[in-house]
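Asks: Below is one structure. I have some questions about it.
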Amino acid sequence: MDVVTLPGQGPKGKVFLVGAGPGDVELLTLKAARVLSTADAVLYDALVSDDILALIPEQAEKIAVGKRAGAHSARQEEINQLLVTKAYTRKRVVRLKGGDPFIFGRGGEELQTLVEAGVEFEVVPGITAASGTSAYAGIPLTHRDFAQGVTFITGHCQLESRPMNWQGYANPANTLVVYMGILNAGLIQRELISHGRGADTPVAIVSKATTAQQQRIVGTLGELESLAKDERVVMPALMIIGEVVSLAASLSWFEPAAASTPAAKQNSI
Ligand code: SAH
């Protein structure tokens with residue numbers, strides 16, 4: 001797309017593409033917290049938690065550009081363009097994204113627009129949802145006895161028409177983490193089983209991981225579709241598929257406070 005620039009003057013600011021982690025404010029990196037504390041403008045996604053937004057200085061301009069599943073791609077172009085125009089009027093523009101900006105975060109696309117427009121930038125990584133979920137749900141993603149590798153895939157939209165490597169994903173010695181896959185749980189279940197992954201493979205669906213509202217549901221691959229319809233599954237939610245999930249019962253340590261403090265429920269991400 002064409003980038004609109006103002007004639008006769010260059011951008012004066014810099015854009016910081018910052019990962020906010022999966023929810024728990026303490027999972028923000030020191031660098032992310034420092035960059036946020038000196039921001040002039042912050043463009044943030046729907047996935048960024050309220051506790052993290054509370055770290056933005058009072059005087060900074062805060063712009064919600066949050067997208068949820070189903071938003072149009074035109075919207076993404078608007079966000080890209082807004083980053084460029086903000087860099088003309090603000091010195092330190094922060095683009096704050098849930099998790100890590102380079103994992104299913106469109107961080108790459110946004111930076112490409114900045115490069116085209118000649119805007120300087122830095123990237124601050126964040127803890128991706130898979131890592132946060134794994135730690136807070138007691139599910140190591142690899143383990144010498146159970147999984148020699150881990151694969152992150154997106155389960156978003158039209159999986160049928162995408163070149164999905166189901167054969168590879170069905171490898172029993174590998175952990176599969178599915179982002180944005182809840183609506184396609186039935187298809188994922190059927191494809192993995194028909195490509196040889198056992199229907200008794202343990203699976204977990206974890207909602208709002210690392211927050212006081214975290215919910216973890218454990219079952220088998222043969223039940224994935226029905227587990228995804230459980231009323232405890234709310235967005236955002238991640239699926240972990242593989243033998244490592246069998247460790248969840250013994251390695252759990254995080255006890256979300258939501259069950260005992262109803263007030264915490266209002267503070268949702
Ligand atoms: N860039 C982000 C991912 C964005 S895609 C990252 O690195 O984490 C959005 C998807 O991430 C959601 O649909 C969900 O599958 C997952 N996700 C993000 N935060 C989550 C959380 N707190 N708990 C469970 N899943 C989460």
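Asks: Given ILE79, ILE127, which one is crowded, with 16+ Cβ neighbours inside 10 Å and within 30 Å of SER246 (Cα to Cα)?
Replies: Only one candidate passes the filter, namely ILE127.
Asks: Report the residue count in the stretch 10-38 for those that are charged (D, E, K, R) and at pLDDT below 95.
Replies: Within the stretch 10-38, residues that are charged (D, E, K, R) and at pLDDT below 95 number 1.
Asks: Within the group ALA74, ALA41, which residue is more than 25 Å from ALA130 (Cα to Cα), at pLDDT 95 or above and not charged (D, E, K, R)?
Replies: When all the criteria are applied, what remains is ALA41.
Asks: What's the number of the only condition in (1) in contact with a helix residue (DSSP H, G or I) (Cβ under 6 Å, 6 or more places away or on another chain); (2) more than 20 Å from GLN214 (Cβ to Cβ); (3) of a type in the set (Gly, Ala, Ser) that ALA185 fails to meet?
Replies: Every listed condition holds for ALA185 apart from (2).
Asks: Follow-up. Looking at the structure I just gave you, is GLU61 more than 16 Å from the ligand (Cβ to nearest atom) and at pLDDT below 95?
Replies: So GLU61 fails the test.
Asks: Test ASN174 against the stated conditions and say whether it is polar (S, T, N, Q) and more than 15 Å from the ligand (Cβ to nearest atom).
Replies: Yes.
Asks: Related question: List pairs: first residue in the stretch 151-179 and loosely packed, with under 15 Cβ neighbours inside 10 Å, second residue part of a loop (DSSP other than H, G, I, E, B) and among the β-branched types (Val, Ile, Thr) anywhere in the structure, Cβ distance under 9 angstrom, at least six positions apart or on different chains.
Replies: PRO172/THR201
Asks: Then there's this: Among the residues of the stretch 229-243, what is the count of those that are near the ligand (Cβ under 8 Å from one of its atoms) and assigned to a loop (DSSP other than H, G, I, E, B)?
Replies: 2
Asks: Which pairs turn up if I take residues in the stretch 80-101 that are more than 15 Å from PHE121 (Cβ to Cβ) and look for partners that are among the polar types (S, T, N, Q) and within 16 Å of the ligand (Cβ to nearest atom) with beta carbon separation below 8 Å, at least 6 apart in sequence or on another chain?
Replies: Here the result reads GLY99/THR128; ASP100/THR128, each pair linking the stretch 80-101 to a residue that is among the polar types (S, T, N, Q) and within 16 Å of the ligand (Cβ to nearest atom).
Asks: On to the next question. Among the numbered conditions (1) surrounded by fewer than 20 Cβ atoms within 10 Å (Cβ to Cβ); (2) closer than 18 Å to TRP253 by Cβ, tell me where SER194 comes up short.
Replies: (2)
Asks: If you don't mind, another one. Could you grab the pairs with beta carbons closer than 7 Å, sequence gap of 6+ or different chains, first residue in the stretch 51-62 and in the same structural domain as LEU36 (by TED's automatic domain parsing) and surrounded by 15 or more Cβ atoms within 10 Å (Cβ to Cβ), second one of a type in the set (Lys, Arg) and not in a loop (DSSP other than H, G, I, E, B)?
Replies: ILE56/LYS62
For (1) touching a helix residue (DSSP H, G or I) at 6+ places or on another chain (Cβ under 8 Å); (2) within 15 Å of the ligand (Cβ to nearest atom); (3) basic (Lys, Arg), each residue gets a yes or a no:
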site: ALA129; (1), (2), (3): no, yes, no
site: GLY149; (1), (2), (3): no, no, no
site: GLN158; (1), (2), (3): no, no, no
site: ASN165; (1), (2), (3): no, no, no
site: GLY198; (1), (2), (3): yes, no, no
site: GLN215; (1), (2), (3): no, yes, no
site: VAL218; (1), (2), (3): yes, yes, no
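Asks: Going by what's in this entry, would ARG106 be described as surrounded by 14 or more Cβ atoms within 10 Å (Cβ to Cβ) and more than 9 Å from the ligand (Cβ to nearest atom)?
Replies: No.
Asks: Quick check, is VAL178 part of a strand (DSSP E or B) and over 19 Å from ASP200 (Cβ atoms)?
Replies: Spelling it out, it is not the case that VAL178 is part of a strand (DSSP E or B) and over 19 Å from ASP200 (Cβ atoms).
Asks: Considering (1) touching a Ser or Thr at 6+ places or on another chain (Cβ under 8 Å); (2) within 16 Å of the ligand (Cβ to nearest atom), say which one THR29 fails and leave the rest.
Replies: THR29 satisfies every listed condition except (1).
Asks: Pick out the one residue from ALA130, ALA69 that is farther than 21 Å from ALA41 by Cβ and at pLDDT below 95.
Replies: Step by step, each of ALA130, ALA69 is checked, and only ALA69 is farther than 21 Å from ALA41 by Cβ and at pLDDT below 95.
The values are calculated or read from the model by the stated rules, or taken from the named source; none is laboratory data. What you see is a predicted model; the values in this text were computed from it and never measured. FYI the Cβ positions are ideal-geometry reconstructions off the backbone, even for glycines, and counts take in every protein chain you see.
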